Structures are given as structure tokens and as C-alpha cells.
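So the structure is just underneath, and the comments pick up after that.
The values are calculated or read from the model by the stated rules, or taken from the named source; none is laboratory data. In this text the structure is predicted, and so the values were computed from the model without any measurement. Here the Cβ positions follow ideal geometry from the backbone for every residue, glycine too, while neighbour counts run over all protein chains shown. Surface accessibility is based on the protein's heavy atoms, side chains included, excluding ligands, DNA and RNA. Shrake-Rupley method; radii C 1.70, N 1.55, O 1.52, S 1.80 Å.
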Amino acid sequence: QVQLVESGGGLVQAGGSLRLSCVASGRLITINDMGWYRQAPGKQRDLVATVSRGGTTNYADSVKGRFTISRDNAKNTVYLQMNTLNPDDTAVYYCYSEIRNPYWSPPTAYWGQGTQVTVSS
């Protein structure tokens, strides 16, 4: 089975930084896009950032200039460096990945369990 495991969430003061990591695992998988979504209490789950296998990035307007998404294809890992955090960034952050499982199948979306990020004012 495919698993996405996140780490790096926590509590930080406004203006601080965190780095999230997510590693995908599976016996016969290939991975296309990877990225991060977030969901604040009472709100829908929104896109934060994505990165293609070739390194093309896409960011929500609210995080441009503050967050950086990157990936290590050899490790099946995606990162989200979050700088200049503010209380509006408080949310559960979910890793996702578009994966062929097995590699000859069409890609489908997989999700991590979520990691809490809390930014205090």
C-alpha cells in the first residue's frame, strides 16, 4: 500500500519558521506532482503549494514570498519551508501526492494524515 508520512508541525510564534517534510512509500510506485494543502477550523481545505517531478512550483497568493516547496525525488520526499509565519497560517497541513500505484496504472491522489501548525500572535 501507499503511505504518506508527514513531520515537522508544531507551535511557533508569529514571525517564526517551520519546515514540514512528507515521505511517500510504496513497492511499485512512481510519483508525479507533490504538494501541500491546509485546512483551518471552519474552512475548506485549500491549496498551499505544489511541485512537479521536474521542479515546477505553484503557490497560493497568501504564501508567495514566505513559503518554499521543494522535493527530493531520490527520497520520495517533499518539503515545505515556512518563513515569516502569521496566525492566519494556523491550520492542519496535509501532504498529497499524485502517484501511479503500481507504476503502469493511471495516477491518483494520495493524502497524508495531516500535521498541526499553530502560530501564536
Using alpha carbon centers only, the stretch 43-73 is separated from the stretch 1-41 by a whole-angstrom value of 11 Å
Average projected area of the Cα convex hull of the stretch 41-85, in nm²? 3.9 nm²
Could you provide, to the nearest whole Å², the per residue accessible area of the stretch 32-121 with probe 1.4 Å? 52 Å²
Karplus-derived HN-Hα couplings along the stretch 50-62 (A = 6.51, B = -1.76, C = 1.60, θ = phi - 60°), whole Hz, x at Gly and Pro: 9, 9, 7, 4, x, x, 6, 10, 9, 10, 5, 4, 5
Hydrodynamic radius of the chain per Kirkwood, over alpha carbon pairs, in Å: 14.4 Å
From the phi angles alone, apply the Karplus equation (6.51, -1.76, 1.60; θ = phi - 60°) to the stretch 84-97 and give each ³J(HN,Hα) in whole Hz, x where the residue is Gly or Pro. 6, 5, 10, x, 5, 7, 4, 5, 8, 9, 10, 7, 9, 8
So what is the relative contact order of the chain, in percent, for Cα pairs below 8 Å that sit 6 or more residues apart? 36 percent
Ellipsoid equivalent to the stretch 15-65 - semi-axes via the Cα gyration tensor, in Å: 23, 14, 12
Among PHE67, GLN81, GLY54, flag the residue with its Cα farthest along the positive direction of the charge dipole of the stretch 19-112, charges on Cβ as +1 for Lys/Arg and -1 for Asp/Glu. GLY54
Packing rank of 71-81, 101-111, where each peptide gets the mean count of other beta carbons within 10 Å, highest leading: 71-81, 101-111
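Give the carbon-plus-sulfur fraction of the accessible surface of the chain in %, rounded to a whole number; probe 1.4 Å, heavy atoms of protein chains only.
Here carbon and sulfur together make up 47 percent of the probe-accessible area.
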HN-Hα couplings for the stretch 12-23 via Karplus (6.51, -1.76, 1.60; θ = phi - 60°), in whole Hz with x for Gly/Pro, come out as 9, 7, 3, x, x, 9, 9, 10, 9, 10, 8, 10
